[in-house]
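Participant: If you scroll down you'll find the structure; I have some questions about it.
The values are calculated or read from the model by the stated rules, or taken from the named source; none is laboratory data. Note that this is a predicted model, so its numbers are computed, not measured. Cβ coordinates were reconstructed from backbone atoms using ideal geometry, including for glycine residues, and neighbour counts include every protein chain displayed.
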Amino acid sequence: MAFERVTVSSADFEVDLTNCDREPIHQLGAIQPFGFLIALSSDWLIKRASVNVADFLGVKAEDILGTPMSDHMAAETLHAIRNRLTLLRGPDAVERLFGLALRTGGPRYDFALHMTDGTIVLEGEPSAETPDADTASTIRAMMARLDATDKISDFLREGARQVRALTGFDRVMVYQFDRDGSGTVAAEAVRSGIGSFHGLRYPASDIPQQARKLYVRTPFRVIADVDATPAAIMPERDEQGEPLDLSLSVLRSVSPIHIEYLKNMGVGASLSISIILEGKLWGLFACHHYQPRCPDFERRSIAELFGQMFALKLESRQREALARYEIEARATSDRILASVAGDSTLLDNPDWLGSMLGKTVPCDGIAIYIDGKIATSGATPPASAIPTLVRRLNAMTSGRVYSTDHLGDLLPQAREYADVGAGLLAIPISRTPRDYVLLFRQEKVRTVNWAGDPHKPASYGPNGARLTPRQSFETWAEEVRGRSEPFTDAELRVAEMLRASLIEVVLRLSDDAQAERQRASERQELLIAELNHRVRNILSLIRGLVRQSHDTGTDLNSYIKLLEGRIESLARAHDQITQDNWSPAPLRRLIETEAAAYLAGKASRVKVEGPPILLHPHAFSTLALVMHELMTNSAKYGALSDSGSLTVELSIDQYGDCFIEWRERGGPAVQPPKRQGFGTTIIERSIPYDLGGTADIRFPLTGMEADFCIPARYVAASETEVAENHAEPISTLAERRDPGDAPVLSGPVLLVEDSLIIAMDAEDILLQLGAERVTVAAGVVAALNEIENGAFTAAVLDVNLGSETSLPIADALAAKGVPYIFATGYGEQFQAPDGHASAQILQKPYTAANMGRILADLLER
């Protein structure tokens, strides 16, 4: 815990808390006096020596310089040192030798050996009188006691106990560094009667940066006597004017400021053992003794080895805990990915996402910011504050996870809502513009006990222009506000993992959305082409029906009756294609409905044979298109255009697949089509493409033949043909009222219809059904005026009137008690809204049969 020493005048010196970080504590030019130091050239000539070398070698330092080391040391000892020099590996390596005599028969010494800038540095101190007999057994027993602990707090406390037992110091603390550089006494073993420092915090300035670096390079440091006078090194500087680098020296003297610091604490001797995890300084074993104390070199080396093994076991425990935590976090991440992949709206649900993430990264609230939309859950800042926070994050985080336990430092206005959002973990989940998942932690008001006032006063001390070390180490309590529980390194690593996973999901969803838009565009183009084709087909078909029906009827009434029946049949077939109830429907009914538009009363020309078969909606819609095209072609060019017949054979094989055999006979000679139109494409490709089935079309002269296979997954399991959604058989719907039938209506009738041609046709039908007169309105305003000014016995309302609907008209009629029906061309897709659910629905096109039936039922109620 050394402080800066600089030699400048007080007039030019600005005192601040960073001065200590610049003191060259590795170049103090002296050693502690309990040992000696000799610096040797590569040819083993003495270049430098500590002034106390005479106490050990009996030769003054100035007399030993320039002489060979062999003149002052026993040959066998020098030989051992030379051999050990060859074992040095790496720039920070230090080798040790124990129990070697300086001179033959003389007292024994322990040596430390290292290299610096091409110079051999040899340090020696007297050996212990009774060296440890079995170092390996000692370390093994110490490790066994560590392994017997379960909780990390017990592990740290046992480590402190073992170091105290090994070194004999009054107090041994496990001192753990925080992110901000400050440290906390996490565990302690202490002699009774001298008080406890456990739980106290020390400011970062107590251990300057250069001291922390040396703690990594030299994991062991002893100060044997704070009152001892350092032994200077001669000469102080070499021929280049550089002092000797003592970074790796075990005897390096102590900064006067640190000596003053220790004296202020009442400490007579100190010892520190670095705890290094993954190459970084995690903390220290900080040992204090209140009298001078210097454990022998061998025992200090055992303590250093224990510190290294302690660090390895601590790192192993942390890795195991982190591995368990990350496994749980990965499981949570996988559940999030799986859920979001199936339902992308979950990303907009902060309650769900917060419950998932909260199991891994505890938080008090969550906010989701996607495409400028904000969703929050739990304790969070106001939604109006989120955009400002996001802009600040965009300006600084570069797409990385960001965390803080003091949001007010990042954004001053955040102090206003520190009670709910003092801490923040921001997880970016997109690239540009950035979207975020923001995890908030509430303010945690707590009291921190410092070992003295951490705000060190800036003043000049007795050792010159530098900071005065704190003189009071009495517990100093500080209330901390505006801060949350900090996010741990493990939580940040998990957040990075979640960020990558969420970005992967977002990108995948974006790609899926793009692909879906492309597919939707293609489907839209196909739909437009299909609608265009269908409209042209329908117009052509109606024109053909008008012409063909004229030849079959002998009088006008018969002609109109037959034509209305065929148009009604065609409408019912198209209702089947667009129905929305999505339940299995009978294939036989589909074929019969399509055929009814052409056969009228000659149903014997088409035979459908085989068991009842129900098809699922998707297959039913596809088959409706295919059957319509087949029936249309047969009516235009095949057997149904002449006096021929058509047989459709249905069957199901042992695998559940449905087979359809289409056979035309007795018609004109068949020729293969000269070009592939859209209708032919529907016949040949719809079933293979949409359903994965097969289609085989042939054109023999005797009549067209086609074989289709519908896979079993589209065939309903039931073999009982369900009742269809159609109200009556086609033949009944095709019937037309005779002029002699009893009238259905009486009195005036209101007709709301926005198409003039359709309105004229419907007006004729209503008059035929017995209406006294028909009042026609094309829109809502006109209809409401008619209701206000006149009385009606019934009303027929077209639902869709261009840009408006007839619902306001229905409300007005209901208020006056006038019965009404809705008319629509949307088939079974139309559902009457609430308030009109009991109203009957008339399917277009209008015919006397369907209109008369529904109106009769309406007026009988």
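Participant: Restricting to the stretch 191-212, what's the tally of residues that are surrounded by 19 or more Cβ atoms within 10 Å (Cβ to Cβ) and among the small types (Gly, Ala, Ser)?
Facilitator: 2
Participant: Cβ contacts < 7 Å: first residue within 24 Å of Ser755 (Cα to Cα), restricted to the stretch 812-838; second residue modelled with pLDDT of 90 or more and in a loop (DSSP other than H, G, I, E, B), any location; separation 6+ or different chain. Result?
Facilitator: Val818/Phe792
Participant: Every residue in the stretch 783-799 that is surrounded by 15 or more Cβ atoms within 10 Å (Cβ to Cβ) and not in a loop (DSSP other than H, G, I, E, B), please.
Facilitator: Within the stretch 783-799, Ala783, Leu784, Glu786, Ile787, Ala794, Ala795, Val796, Leu797, Asp798 qualify.
Participant: Examine the stretch 638-645 for a residue that is assigned to a helix (DSSP H, G or I), among the hydroxyl-bearing types (Ser, Thr, Tyr) and modelled with pLDDT under 85, and state whether such a residue exists.
Facilitator: Among the residues of the stretch 638-645, at least one is assigned to a helix (DSSP H, G or I), among the hydroxyl-bearing types (Ser, Thr, Tyr) and modelled with pLDDT under 85, which makes the answer yes.
Participant: Let me ask something else about it. Could you check the stretch 107-129 and list, in sequence order, the residues that are in a loop (DSSP other than H, G, I, E, B) and at negative phi?
Facilitator: Pro107, Ser127, Ala128, Glu129
Participant: Quick check on the stretch 156-173. Is at least one of its residues of a type in the set (Phe, Trp, Tyr) and either exposed (fewer than 14 other Cβ atoms within 10 Å of the Cβ) or farther than 30 Å from Pro107 by Cβ (or both)?
Facilitator: No: the stretch 156-173 contains no residue that is of a type in the set (Phe, Trp, Tyr) and either exposed (fewer than 14 other Cβ atoms within 10 Å of the Cβ) or farther than 30 Å from Pro107 by Cβ (or both).
Participant: From the list Thr104, Thr77, which one is over 18 Å from Ser247 (Cα atoms), part of a loop (DSSP other than H, G, I, E, B) and among the β-branched types (Val, Ile, Thr)?
Facilitator: Thr104
Participant: Looking only at residues in the stretch 270-309 that are under 37 Å from the mean Cα position of the chain (by Cα) and either outside the structural domain of Ile194 (by TED's automatic domain parsing) or assigned to a strand (DSSP E or B) (or both), which one is surrounded by the fewest Cβ atoms within 10 Å (Cβ to Cβ)?
Facilitator: In this case the residue turns out to be Lys280.
Participant: Answer with yes or no whether Val53 is β-branched (Val, Ile, Thr) and in a loop (DSSP other than H, G, I, E, B).
Facilitator: Considered against the rule, which asks whether it is β-branched (Val, Ile, Thr) and in a loop (DSSP other than H, G, I, E, B), Val53 comes out as no.
Participant: Considering only the stretch 358-372, how many residues are closer than 16 Å to Ile429 by Cα and either touching a helix residue (DSSP H, G or I) at 6+ places or on another chain (Cβ under 7 Å) or outside the structural domain of Glu491 (by TED's automatic domain parsing) (or both)?
Facilitator: 5
Participant: Within the stretch 778-808, can you find the residues that are within 20 Å of Gln840 (Cβ to Cβ) and either small (Gly, Ala, Ser) or not assigned by TED's automatic domain parsing to the domain that holds Ile821 (or both)?
Facilitator: Ala783, Ala794, Ala795, Ser806, listed by residue number.
Participant: Another question about this same structure. Can you tell me which condition Arg330 does not meet? The list is (1) of a type outside the set (Phe, Trp, Tyr); (2) within 27 Å of Asp134 (Cβ to Cβ); (3) in contact (Cβ under 8 Å) with a residue 40 or more places away in the chain, and all the others hold.
Facilitator: Answer for Arg330: the failing condition is (2).
Participant: Of all residues in the stretch 40-58, which are buried (at least 20 other Cβ atoms within 10 Å of the Cβ) and among the basic types (Lys, Arg)?
Facilitator: Arg48
Participant: Could you grab me the full set of residues in the stretch 252-264 that are over 16 Å from Arg293 (Cα atoms) and part of a helix (DSSP H, G or I)?
Facilitator: Result: Pro256, Ile257, His258, Glu260, Tyr261, Asn264.
Participant: Across the stretch 618-638, what is the total count of residues that are surrounded by fewer than 22 Cβ atoms within 10 Å (Cβ to Cβ) and within 16 Å of Gly693 (Cβ to Cβ)?
Facilitator: Selection size over the stretch 618-638: 4.
Participant: Still on this model: Under 6 Å between Cβ atoms, at least 6 apart or on separate chains: pull out the pairs that start in the stretch 776-801 with a residue that is of a type in the set (D, E, K, R) and end on any residue that is surrounded by 15 or more Cβ atoms within 10 Å (Cβ to Cβ).
Facilitator: Glu786/Thr775; Glu786/Ala777; Asp798/Val752; Asp798/Glu753; Asp798/Ala823
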